[in-house]
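Peer 1: I have a structure I would like to understand better, so I am pasting it below and will then ask my questions one at a time.
The numbers here are math on the coordinates, done by the rules we state, and not lab data. Quick caveat, the model's predicted, so the values are computed rather than measured. Here Cβ is always computed from backbone atoms with ideal geometry, including for glycine, and neighbour counts include all displayed protein chains.
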Amino acid sequence: MATHFTERSDGVVTIRPMRSIDRPLLIAGRDEAFHVFMGEGSDDPQPTAIIEVAGAVVGWIDYDSDRAWLASGAVNVGYNVFAPYRRRGYASRSLELLVAHLRSETAVHTASLLIDPSNAASLAVARRVGFESAPEVDGQLQFVRSTLSPSDCAPASRDLTS
Amino acid sequence: MSAQFIYTMHKVGRFHPPDRQVLENITLAFYPGAKIGVLGTNGSGKSSLLKIMAGIDDGFTGDARLTPGFTVGLLEQEPQLDLSKDVRGNVMDGAGETVSLLAEYEKVLASWSDPDADYEKVGARQADLEAKIEAAQGWDLQRTIEIAMDALRLPPPDGSVENLSGGEARRVALCRLLLSEPDLLLLDEPTNHLDAESVAWLERFLSDYSGTVVAITHDRYFLDNVAKWILELDRGKGIPFEGNYSSWLEQKTDRLDREQKQQDNKQRTLARELEWVRMGSKARQAKGKARLNAYESLQAEAEAYDPRDEKVQIYIPPGKRLGDKVIEVSNLSKGFGDRLLIDNLNFSLPKAGIVGVIGGNGAGKTTLFKMLIEASGGSTGETPDEGTIDVGDTVELAYVNQSRDILNDEDTVYEAITEGHDTLTVGDREVNGRAYVASFNFKGSDQQKPLKVLSGGERNRVHLARVLKTGGNVLFLDEPTNDLDVDTLRALEDALERYPGCAVVISHDRWFLDRIATHILAFEGNSQVRWFEGNFSEYEEFREKELGENAQPTRVTYKPLAR
């Protein structure tokens, strides 16, 4: 879906288009937690963007719209931050940057996250970035956030670089 | 933070009762980020200076102040550890602030699971903590700690600190201090109890250190490679010099020349070291080889030499002439407990060979030493598990059992060295006892000092004097360079260069090993011991080629012992 993606940064985290040399890193970055929540993973991963910190690839972030439960103009967002870089706020920053991308460069009006109820780390990310609870999908918790304008964001959303 | 100076001293003096003015009227200002090496003989007030700068000695006169807003940290010669914590706990204390930030961050993360939490406040606090942790490069704290603990070869992280040796405790304290990253880092002999590889790591670390470093050290490679200033303490005065050790040596020699002290023996020793500094690496290597080929002339010179003719600083009496076979080690293996320390070692010690023994603590250096001494006629009780040590008929051992700890603290320096004899038989010559003691830089009333008041360096000089008077043609020295001031080190190097026999020396002092060693016996880990012809720099070059330039020191490993 993402045909055009411009690199974005908040000063700490950068999300940028994927390059072919990133592929082995994305596969090597999968760990047990990845497989628990994301399944086996593709042999040819092509996420929307690579998450980079200080020149190091630390994960990826992606969105798609081809899900039956998604309303028109809504996308489902997924991400993986590699194990050594978790619990540093990088997922929240990446998600904030992706929402900014959706707002300024696409017609998407709603970003959605499906989170396993046992995935406490992602539940924290959703709350921090201002996603709000929506009806469950196949036993997964759903959180949504409008992408229309920054002011539409829930209270916890803010400029993380400040 | 910008400030012209991080620390200033104005007319600082320090008097140690009853009669020692160690520092006198010292006025100095230290630039932020400066790397300063402190030189001076034992007892010249180096440690006193650092204690004043660290704010733990207020018994001085004059003004001394750390510029407000800066932090200071000191590695003392005998640092205190927190006995209620294990090794890792003590190290983590150094990163206390970052550890606290990370602990609070974990709490903040957990509060997102609390449905009643004020998420706006939680998010704001999390962002604030992330910024602070980023700034402190705290995310990689665990990895940083692991690297530092490995590089300084710390004891096991979960072990108690109560029963650590002095050297282990110092390494733990050094690691803790480096992690605390004070703006002004004060180090009193930081390289003591570190092996050569760890010293090289510390050198790189301190070169890149953003704060000010003031280090008392006898490690002349550190002084050459890290220090941009040399502060010389001499008879209470502080004499700063902008430059590294080699350039300080140049100007010092020039100054003594100008003062027309060419005949002074100390000046000649300085000049010989300067000559060595000016040599290219090939000439240095050739020097070692020349020594191996010049046994006959070395022996002849030593036999013709009369130490009464000039006041040598240190004199090692030659033993009787060595035959062709000195020490031949074949297929030697040795275990300790369930570990294999040495696996199939072979070497042949040549006449005039000086062997530097290097390797991590606990690698087996002292065990090998003891086996060589036992085979050479000493009594250490240490023998190989497998293989042989074949000692030539002409070998006479020069060794004193590691006696720094068994010296009687109530004895004076003179009594400890001369054992009450006014005239000493040093080798096959009669030497005046007072003159012999003076040659180890114990002049006048210093000879009457009881051992219990001596500094570490002074005790080591007593030990050396006792070892070196025994005579013999194969000399064994265990860490002779620890705590010695640079003057004494230089004199010892000169004495070893003139000595016609063989020497086996455990040392981590790279400069010392480069100047004297014809061979290196390196404990490289995993029970491998390498016999290498060449000095320490040549060995290091060889290892870098073998391992790659980024080879980091790691903790000592052993093969399991399969008896």
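Peer 1: For the range B:85-181, just say rounded, prolate or oblate: build the C-alpha gyration tensor, square-root its eigenvalues into a ≥ b ≥ c, call rounded for a/c under 1.5, and beyond that prolate if a/b exceeds b/c, oblate if not. All intermediate terms of the calculation are to be shown ahead of the outcome.
Peer 2: Working: a/c = 3.71, a/b = 2.46, b/c = 1.51.
Prolate shape, in that a/c is at least 1.5 and a/b is the bigger ratio.
Peer 1: Let me ask something additional. Extension gain B:Val99-B:Gln528, at 0.36 nm per residue separation less the Cα-Cα distance, in nm?
Peer 2: Working: separation 429, 0.36 × 429 = 154.44 nm, distance 3.83 nm.
This chain segment gains 150.6 nm when fully extended.
Peer 1: Dividing the alpha-carbon radius of gyration of the protein assembly as shown by 2.2 N^0.38 Å (N being the number of residues), what value is obtained?
Peer 2: Numbers: Rg = 32.3 Å, N = 725, 2.2 N^0.38 = 26.9 Å.
Normalised Rg, Cα atoms only: 1.20.
Peer 1: Defining a contact as two alpha carbons under 8 Å apart and six or more residues distant in sequence, what relative contact order in percent does the range A:8-152 show? Numbers along the way, then the final one.
Peer 2: Details: 223 pairs, mean separation 28.4, N = 145.
Over the range A:8-152, the number comes to 20 percent.
Peer 1: Using the Cα atoms of the range B:351-442, I'd like the radius of gyration and the largest Cα-Cα distance, Dmax, both in angstrom.
Peer 2: Spelled out, the Cα radius of gyration and Dmax of the range B:351-442 are 16.8, 47 Å.
Peer 1: Another one. Going down the list B:Lys320/B:Lys469; B:Lys289/B:Lys365; B:Lys287/B:Lys351; B:Lys252/B:Lys289; B:Lys252/B:Lys443, which pairs span over 20 Å between their C-alpha atoms? If you can, show how the numbers build up before the last one.
Peer 2: Values: B:Lys320/B:Lys469 14 Å; B:Lys289/B:Lys365 24 Å; B:Lys287/B:Lys351 15 Å; B:Lys252/B:Lys289 30 Å; B:Lys252/B:Lys443 22 Å.
B:Lys289/B:Lys365; B:Lys252/B:Lys289; B:Lys252/B:Lys443, as the Cα separations exceed 20 Å there.
Peer 1: Hey, another quick one. To the nearest 20 debye, what charge dipole does the range B:402-469 have about its Cα centre, counting +1 at the Cβ of each Lys and Arg and -1 at the Cβ of each Asp and Glu? Intermediate values should be presented prior to the final figure.
Peer 2: Numbers: 10 positive and 11 negative charges, 57 e Å.
Result for the range B:402-469 is approximately 280 debye, rounded to the nearest 20.
Peer 1: Further question: Among B:Ala135, A:Val75, A:Leu148, whose Cα sits farthest toward the positive end of the charge dipole of the protein assembly as shown (+1 at Cβ of Lys/Arg, -1 at Cβ of Asp/Glu, about the Cα centre)?
Peer 2: Final value for the positive-end residue is B:Ala135.
Peer 1: Could you pull the Cα extents of the range B:402-469 along its three principal axes, largest to smallest, in whole Å?
Peer 2: Cα spread of the range B:402-469 along its principal axes, largest to smallest: 31, 26, 18 Å.
Peer 1: Rank B:Gly501, B:Leu184, B:Val99 by how far each Cα sits towards the positive end of the charge dipole of chain B (+1 on Lys, Arg Cβ; -1 on Asp, Glu Cβ) and give me just the farthest.
Peer 2: Farthest towards the positive pole: B:Gly501.
Peer 1: I would also like to ask the following. Report the one residue of B:Ser210, B:Met53, B:Ser348 whose Cα lies farthest in the direction of the positive end of the charge dipole of chain B (charges on C-beta: Lys and Arg +1, Asp and Glu -1; origin at the Cα centre).
Peer 2: About the Cα centre, the residue reaching furthest to the positive side is B:Ser348.
Peer 1: Right, next: Within 10 Å of each Cβ of A:119-129, how many other protein chain Cβ atoms are there on average? Can you show the working numbers first?
Peer 2: On the way: counts 0, 4, 3, 0, 2, 10, 1, 1, 7, 8, 1.
The shielding value for this peptide is 3.
Peer 1: Let me ask something else. Can you tell me which aspartates and glutamates have their Cα less than 12 Å from the Cα of B:Lys228? Leave out same-chain residues fewer than eight positions away.
Peer 2: Partners found: B:Glu242.
Peer 1: Same structure again: Report, to the nearest 10°, how far helix B:486-498 tilts away from the longest principal axis of the Cα atoms in chain B, using its own Cα long axis and a range of 0 to 90°.
Peer 2: Between helix and principal axis, roughly 30 degrees.
Peer 1: Okay, moving on. I want to verify the translational diffusion coefficient of the range B:487-532 in µm²/s; compute it with Stokes-Einstein, Rh as the Kirkwood radius over Cα pairs, at 10 °C and 1.306 mPa s.
Peer 2: 135
Peer 1: From other protein chains only, count the Cβ atoms within 10 Å of every residue's Cβ in B:134-143, then give the mean. Let's see the in-between values first.
Peer 2: Numbers: counts 6, 0, 0, 1, 1, 7, 1, 0, 1, 1.
Mean number of neighbouring Cβ atoms from other chains: 2.
Peer 1: Ignore the peptide's own chain and count Cβ atoms of other chains within 10 Å of each Cβ in B:102-109; give me the average, rounded. Write down the numbers at each step before the final one.
Peer 2: Details: counts 1, 0, 0, 3, 1, 0, 3, 6.
For peptide B:102-109, the averaged partner shielding equals 2.
Peer 1: Continuing with the same structure: In whole angstrom, note down how far apart the Cα centers of the range B:178-228 and the range A:46-77 are.
Peer 2: Centre-to-centre (Cα) distance: 47 Å.
Peer 1: Sort chain B into rounded, prolate or oblate with this rule: let a ≥ b ≥ c be the square roots of the eigenvalues of the Cα gyration tensor; rounded if a/c is under 1.5, and if a/c is not under 1.5, prolate when a/b is larger than b/c, oblate otherwise. It would help to have the intermediate numbers written out before the result.
Peer 2: On the way: a/c = 2.02, a/b = 1.37, b/c = 1.47.
Oblate, because a/c is 1.5 or more while a/b does not exceed b/c.
Peer 1: What FRET efficiency do you get for B:Phe5 and B:Lys132 if R0 is 30 Å and r is their Cβ-Cβ distance, rounded to the nearest 0.05? Walk me through the intermediate numbers first.
Peer 2: Details: r = 28 Å, r/R0 = 0.92.
The pair B:Phe5/B:Lys132 has a calculated efficiency of 0.60.
Peer 1: Shape verdict for chain A, please, from the Cα gyration tensor: rounded (a/c under 1.5), prolate (a/b greater than b/c) or oblate. Don't skip to the end; give the middle numbers.
Peer 2: Working: a/c = 1.31, a/b = 1.15, b/c = 1.14.
It comes out rounded by the Cα gyration axes.
Peer 1: Same structure again: Which of the peptides B:153-160, B:114-121, B:348-355 is most tightly packed, and how do the rest follow, judged by the mean count of other Cβ atoms within 10 Å per residue? Walk me through the intermediate numbers first.
Peer 2: Values: B:153-160: 16.4, B:114-121: 12.1, B:348-355: 22.4.
Packing order, densest peptide first, comes out as B:348-355, B:153-160, B:114-121.
Peer 1: Less than 20 Å from a label point 7 Å out along the Cα-to-Cβ axis of A:Gln140: which backbone N atoms in the range A:42-66 qualify, by residue?
Peer 2: A:42-51, A:59-66
Peer 1: To the nearest 20 debye, what is the magnitude of the charge dipole of chain B about its Cα centre, counting +1 on the Cβ of each Lys and Arg and -1 on the Cβ of each Asp and Glu? Each step should come with its number before you reach the end.
Peer 2: Numbers: 66 positive and 92 negative charges, 288 e Å.
Once rounded to the nearest 20, the dipole reads 1380 debye.
Peer 1: For a quick size check, give me the Cα extents of the range B:91-139 along its three principal axes, largest first, whole Å.
Peer 2: 37, 18, 12
Peer 1: Moving on. Under a straight-distance cross-link criterion of Cα-Cα below 26 Å, which lysines are reachable from B:Lys107, leaving out those fewer than 8 residues away in the same chain?
Peer 2: Those lysines meeting the cut-off are B:Lys85, B:Lys121, B:Lys132.
Peer 1: Further, regarding this structure: State to the nearest 20 debye the size of the charge dipole of the protein assembly as shown about its Cα centre, where the only charges are +1 on K and R beta carbons and -1 on D and E beta carbons. List each step's numbers first, then the result.
Peer 2: Values: 81 positive and 112 negative charges, 286 e Å.
About 1380 debye.
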